[in-house]
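The structure under discussion appears below in the form of structure tokens.
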Amino acid sequence: MTQDLSSPVPAGNPFTDYLIAKLRNHPKRIVFTEGEDLRVLRAAERLVNAEAAVPVLLGSRNAIRGMAAENGISLKFINVIEPAKSSDLGLFCQHFAKVERYRKNSAADPADVMSRPHYFGAMMIQYGHADALVGGNQSLPAALFRALLHTVQPMPGVSKMFGIMALVAPHLQHFGSDGVLFLADCGLIPQPTVDQLAMIAIETGKQARHFLGREPRIALLSHSTKGSSGTEDARRMAAATALAVEHAKAAYLDFSIIGEVQADVALDPTASEIKLPDAGNRQPADVLVFPNLDAAHISLKLLQHCAGAINYGQILAGLARPAAQVPRTASEETIFGTAAAVGVEAIKYHQLYPDGEV
């Protein structure tokens with residue numbers, strides 16, 4: 001069992017309370033690719049008790065039942081599937097073989113690949129056997145990413161998959177308007193281009209709007225504020241901001257987008273007033289877009305482990321089906337909230353695509 005490295009959950013969590021309320025009206029089937037994990041069992045039981053989801057755990061039926069019995073966890077309304085013994089394995093093998101023929105690949109054995117939980121779970125969400133997926137709690141991120149990219153259709157208009165982290169810290173000053181911040185990209189694109197930064201800003205803004213229930217404020221971060229430093233990296237963030245504003249207008253999105261700005265300008269109204277005297281009374285940003293993966297991931301870990309922020313995600317943007325990768329150090333709370341987030345994302349998916357396909 002992995003040690004819980006997260007901070008205590010605050011009473012009245014502004015992020016998960018909103019998500020669970022939405023899911024009670026639209027419960028979703030959420031598949032956990034690594035179900036032989038006490039944290040997953042506890043999170044699944046909480047989702048059932050909240051009447052928010054129907055969890056599906058992949059793994060050994062005997063191992064999961066034994067773990068649940070030993071720890072007093074109810075498996076009522078929790079489905080357990082062993083991929084290698086599933087009645088859907090043959091169908092998934094056919095789908096996989098068809099895709100491999102299209103890609104002109106023939107080396108992989110479909111039964112061997114589809115018996116792997118990440119691939120089986122990805123196939124479940126791709127073909128409507130589940131609504132959303134959570135994985136990564138016992139494996140390296142690349143293993144889950146590979147299965148998803150190989151199996152799940154990409155989302156049109158999103159050039160590359162990237163990761164969004166939701167952080168909750170109502171005890172911290174200037175931590176978004178509601179004690180919630182969205183950080184991107186925290187896991188996949190090492191050095192995003194101007195086009196990719198603009199795409200990350202817009203897509204993360206869409207996710208934030210869906211989770212917050214209002215229009216978000218987005219900041220593209222830099223070591224520079226509005227030309228205070230003339231470095232190439234600062235100019236790149238300024239160009240990405242201009243492109244993001246252009247994309248938002250073209251899509252009729254009422255997002256507030258600012259950049260390139262330093263983190264204090266994005267989050268602290270007093271710093272914003274001093275460094276941007278013509279900006280007016282700005283509220284803290286809800287979305288922070290980082291110049292590169294190092295900056296994003298380091299900031300995420302510092303906020304989580306030093307400042308006590310609770311992390312949810314990362315939610316994977318750029319796929320046509322809702323999915324998330326949680327770290328191996330994830331707490332039960334992180335897994336629970338991340339599952340709720342992709343469940344709510346699945347509500348959006350079914351609203352946007354009622355026929356079930358992108």
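For this structure, a couple of remarks:
- When the Cα atoms of the range 15-114 are aligned to their principal axes, the ranges along those axes come out at 46, 32, 21 Å in descending order.
- Near F162, once Lys and Arg are set to +1 and Asp and Glu to -1 for all other residues with Cβ below 12 Å from its Cβ, the sum equals -1.
- Degrees between helix 61-70 axis and first principal axis of the chain (Cα, 0 to 90, nearest 10): 70 degrees
- Arranged from fewest to most other beta-carbon atoms within 10 Å of their beta carbon, K348, K76 become K76, K348.
- Using alpha-carbon coordinates, inclination of helix 141-151 to the longest axis of the chain, degrees: 70 degrees
- With 21 Å as the limit on Cα-Cα distance, the pairs of K28/K85; K249/K275; K206/K348; K22/K348; K160/K206 that go past it are K28/K85; K249/K275.
- Think of it as helices only: each DSSP H run of n ≥ 4 in the chain is worth -39500 (n - 2.57), and spread over all residues that comes to -13500 deg cm²/dmol at 222 nm.
- Computed over the range 225-280, the Cα gyration tensor eigenvalues convert (square root of 5λ each) into semi-axes of 20, 16, 8 Å, ordered from largest to smallest.
- Legend: ranking of residues F175, F15 from fewest to most surrounding C-beta atoms inside 10 Å; resulting order F175, F15.
- Burial ordering of L133, L47, fewest other beta-carbon atoms within 10 Å first: L47, L133
- Each DSSP beta bridge with both residues in the range 141-282 is either parallel or antiparallel, and the antiparallel ones are about 55%.
- The slack between N79 and Y252, meaning 0.36 nm per residue of separation minus the straight C-alpha distance, is 58.1 nm.
- Folded to 0 to 90 degrees: helix 38-49 orientation relative to the chain principal axis, Cα: 90 degrees
- Cα-only radius of gyration and Dmax that characterise the range 162-304, units Å: 13.7, 37
Rule-based calculations on the coordinates, nothing more; no lab input. All values derive from a computational prediction rather than experimental measurement. Cβ: placed from backbone, ideal geometry, glycine included. Neighbour counts: every protein chain shown.
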